[in-house]
1. Taking 0.36 nm per residue of sequence separation and subtracting the Cα-Cα distance, how much length would be gained by fully extending the chain between Val62 and Tyr78, in nm to one decimal?
2. Per DSSP helix of 4 or more residues, -39500 (n - 2.57); summed, then divided by the residues of the chain. What does that give at 222 nm, rounded to the nearest 500?
3. When the Debye formula is applied to the Cα atoms of the chain, each taken as the same point scatterer, what base-10 log of I(q)/I(0) results at q = 0.11, 0.17, 0.20, 0.24 Å⁻¹?
4. First measure r as the distance between the Cβ atoms of Phe98 and Ile8, then evaluate 1/(1 + (r/R0)^6) with R0 = 35 Å and state the FRET efficiency to the nearest 0.05.
5. For a quick check of your reading of the filter: which chymotrypsin sites (Phe, Trp or Tyr not before Pro) in region 49-118 sit in a DSSP loop and have no more than 12 other Cβ atoms within 10 Å?
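No lab work stands behind these numbers, since they all come straight from the coordinates. Predicted model, so just to flag it, every value in this text is computed and none were measured. Neighbour counts are summed over all protein chains in view; Cβ atoms, including those assigned to glycine, are modelled from backbone coordinates with ideal geometry.
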Amino acid sequence: MPADFLPILVLIIVAVGMSAIAIALSALLGPRKSTPTKLMPYESGMVPVGDARLRFSIRFLVVAILFILFDVEAIFFYPWAVYFRKLGLFALIEIAVFVGILFVGYFYAWRKGALEWD
C-alpha cells in the first residue's frame, strides 16, 4: 500500500523543490535598488493623498461573515437540489434541520442588532 503513494510523494517533493529554487533564484538575482518612487504606494497612476491605512467599522466584518455563512449554505443546497428525488425523506429532513439552524443564527444576529447601522 505505501508503494502506491510513492509517485505522489515524488510529485510533492519535485513541486516543493522547484518552488524553493524559483524563490531562491528570484531573491538572489532580483533587483534590490529601492528609490523613493518605488517605495510610494500606487493608486491608479495618481499621487496618493492621505494615509493608506483607514479604519473600517466592525459592521462591515459582521455583514461579510453573514454573507459567507449564507454563501456556504447555497453551496450545500446545490448538490441536494440535484439529487433530492433520489435521496428521499431523510435528506429532506436533514436539509430542513440545516436551514433551520442557519435561520436561528440569522434571527439571533438580527435580534442582537448585527444588521443595523446606527
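1. Working it through step by step, the gained length comes to 3.3 nm.
2. Helix-only estimate at 222 nm: -23500 deg cm²/dmol.
3. -0.90, -0.93, -1.07, -1.29
4. Here the calculated transfer efficiency is 0.55.
5. Those satisfying the criteria are Phe56, Trp117.
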